[in-house]
Every structure is written in C-alpha cells, then in structure tokens.
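K.L.:
Take this structure first; my questions come after.
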Amino acid sequence: MARSGAVSGWREAAIPGVVTAPAALGITGGVRLSGGFPTDAVRLQVFEASSNSLAAAQKLATEPTALPWDRTGLTAGQTRWYWLRAVSAEGSVSALAGPVTATAL
C-alpha cells in the first residue's frame, strides 16, 4: 500500500532458485539432464553447445517442467555441454547452473 492509501496490483516478481547439483548422463540417442528442480520454478531454459562455451550455446525450444529430462535426437558419440536456468511463473529467471557435459550413446 502506498502512503496515499492507494493499493497497486503490481508486485515484485521473485527470482527463482538455481537448479541444484546439475548432472548429465549419456543415454541412447541423447543426454539425460538431472538435478534439483527449484520449487519456485515452473520450467527450465536449457542451453546446449558442442563445446564448453556458453557464448556458443543455443537455447533449446523445449523447456522442461521437471527433472530428470531427456534431450533426444543426438547421434552416438556426440558430446554436448548444458547450462540450465529456472523460470518462475512470472517469467523471472535464475542464475545459470552448469556447465554439465555428456556424450550420447
């Protein structure tokens, strides 16, 4: 409530927690990403690169709503690096977790 007594519908959006203990495991045709999904997040943004370079990473179109999550569509022997970022219901994003890396089987 403002000093004037007016009430606003605006509220500060909370920044969600960071994915804890992120990990990656090679699976047949892809990589399984796991870790602690923040309780105040509704989805994750996943960034993927073919080297340990966040600058070269691409944001994947799919935004998982739970972990573990399987990134499929890779060929055996392909190694990928991942960074994860939690997103709140309001659209606020956490700091990045990672990198984690794995090679598809």
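Quick note: the coordinates plus some simple rules give every number you see, no bench work behind them. These numbers were taken from a predicted model, which means no experiment stands behind them. Cβ: placed from backbone, ideal geometry, glycine included. Neighbour counts: every protein chain shown.
K.L.:
Taking Cα pairs under 8 Å and at least six residues apart, what relative contact order does the stretch 20-103 come out at, in percent? Before the final figure, lay out each step's value.
P.N.:
Details: 183 pairs, mean separation 30.9, N = 84.
Relative contact order comes out at 37 percent.
K.L.:
Separate question: Between S51 and T65, what is the label-to-label distance in nm when each label sits 7 Å out along the Cα-to-Cβ direction?
P.N.:
3.7
K.L.:
Right, something else. Report the full-extension gain for the segment A14 to S92: residue separation times 0.36 nm, less the Cα-Cα distance, to one decimal in nm.
P.N.:
On the way: separation 78, 0.36 × 78 = 28.08 nm, distance 0.68 nm.
Net length gain for the segment: 27.4 nm.
K.L.:
Follow-up question, since we're still on this one. Residue separation times 0.36 nm, minus the C-alpha to C-alpha distance between T39 and T103: what's the value?
P.N.:
Working: separation 64, 0.36 × 64 = 23.04 nm, distance 2.88 nm.
Roughly 20.2 nm would be gained on extension.
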